[in-house]
1. Within the stretch 272-291, is even one residue assigned to a helix (DSSP H, G or I) and under 16 Å from the mean Cα position of the chain (by Cα)?
2. List pairs: first in the stretch 18-30 and closer than 12 Å to Val62 by Cα and in contact (Cβ under 8 Å) with a residue 40 or more places away in the chain, second buried (at least 20 other Cβ atoms within 10 Å of the Cβ) and among the acidic types (Asp, Glu), Cβ under 9 Å, 6+ apart or cross-chain?
3. So which pairs qualify, if the first residue must be in the stretch 147-172 and acidic (Asp, Glu), the second must be in a helix (DSSP H, G or I) and modelled with pLDDT of 80 or more, the Cβ gap must be under 9 Å, and the two must be at least 6 apart or on different chains?
4. Just for the stretch 117-138: of the residues that are without any contact (Cβ under 8 Å) to a residue 60 or more places away in the chain and within 19 Å of Gln73 (Cβ to Cβ), which one is farthest from the chain's Cα centre (by Cα)?
5. Between Arg152, Arg166, Arg172, which is assigned to a loop (DSSP other than H, G, I, E, B), of a type in the set (D, E, K, R) and over 13 Å from Val105 (Cα atoms)?
6. Go over the candidates Asp219, Asp244, Asp223 one by one and state the one that is of a type in the set (Asp, Glu) and either over 27 Å from Leu141 (Cα atoms) or not assigned by TED's automatic domain parsing to the domain that holds Leu185 (or both).
Amino acid sequence: MATDEPDQPALYPIRTVSNLTGVNAVTLRAWERRYGLIRPHRTAKGHRLYTQGDVDLIHEVVDLLGTGVSIGQVKGQIGRGRAAPVNAPAEPDGDSWHGYQRRMVLAVERFDEPGLEAAYSEALALYPVDVVTERLVNPLLRTLGERWQGRRGGIAEEHFFATYLRNKLGARLHHLATQRARTRLLAACLPGEHHELGLLLFCLAAANHGFGFVILGADTPLDEVAHAQRQARCHGVVLSGSVDPTPAVLGGLRTLVGNLGVPVLVGGQVAQRHESAIRDAGAHPLGADLHAVLRRLPQLLGPAH
């Protein structure tokens, strides 16, 4: 909640700013200490308070990071617009995302969970979770998915990382679930979809933007989705899939949209390959740009959200 006095600008505590921007408190403090990006006010007890100008600045930083600008370059780009410069110089330590990915691949090869945790946590301390998902986790999942096809031990490596990530996301989502969210969404994988990591990554990113979730997970019958939505009174439904839907699934999607009085959103590769069919069913296909999707989410859910 903002603190406000006559003739004084509203000041927001760090938890409120985190909900407004999707940037967790650890990252906000790192941006302040290491990069001097934000200079919040301090109370007598040392608590940080942020102005609306600070919130707007954080949004601009997140936008720049979403275009590929590194955290070390952001300060020089503030106020120049959202587009990354064509010939932007690299950070002194080289391409940080490739560096994180190399470290994590090496940790996976060695089945080294502490090493995996160290690299992932370091990235999350400096970047918002949706940026880490797009720039690090999704490329790493693609890399590991390609490796297992022609590499001894590749399947074990992929399963090791998937289990680590599922546990990591589950713990974080469980923590965020204790916070009351104004808008709750029901999240499930489409029938036939057995891989739920993409859905969990989306839920975590959206949860950091203040959304709450009821998560059903993999391979969920659409009639069960309808029942759960009504019982939980969720404000919308998010479905995810990479497997091409059968005519029966598309028919079920149309029925689901017709039976529910809330928006139905569809993400994952299926939303890109079958955009027209999803729209014809009355649902909203989500694009591949997670950062853009999160910005559009309140609009997709309607004016009340």
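The values are calculated or read from the model by the stated rules, or taken from the named source; none is laboratory data. Here the structure is a predicted model, which means the values were calculated and not measured. Don't worry about glycine lacking a Cβ; one is built from the backbone with ideal geometry, like all the others, and counts go over all protein chains shown.
1. Yes, the stretch 272-291 contains a residue that is assigned to a helix (DSSP H, G or I) and under 16 Å from the mean Cα position of the chain (by Cα).
2. Gly22/Asp130
3. Cβ pairs passing all conditions: Glu157/Val105; Glu157/Val108; Glu157/Glu109; Glu157/Leu144; Glu158/Val108; Glu158/Leu141; Glu158/Leu144; Glu158/Gly145.
4. Checked the stretch 117-138; the qualifying residue farthest from the chain's Cα centre (by Cα) is Glu122.
5. Arg152
6. Answer to the selection: Asp223.
Every residue, every condition in (1) farther than 19 Å from Asp130 by Cα; (2) surrounded by 14 or more Cβ atoms within 10 Å (Cβ to Cβ), yes or no:
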{"site": "Leu144", "(1), (2)": "yes, yes"}
{"site": "Leu165", "(1), (2)": "no, yes"}
{"site": "Leu169", "(1), (2)": "no, yes"}
{"site": "Leu204", "(1), (2)": "no, yes"}
{"site": "Phe213", "(1), (2)": "no, yes"}
{"site": "Ala218", "(1), (2)": "yes, yes"}
{"site": "His227", "(1), (2)": "yes, no"}
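For every residue, the table says whether it meets (1) surrounded by 16 or more Cβ atoms within 10 Å (Cβ to Cβ); (2) within 18 Å of Arg184 (Cα to Cα).
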site: Asp223; (1), (2): no, no
site: Ala232; (1), (2): no, yes
site: Gly236; (1), (2): yes, yes
site: Gly268; (1), (2): yes, no
site: Arg273; (1), (2): no, no
site: Ile278; (1), (2): yes, no
site: Val293; (1), (2): yes, yes
site: Pro298; (1), (2): no, yes
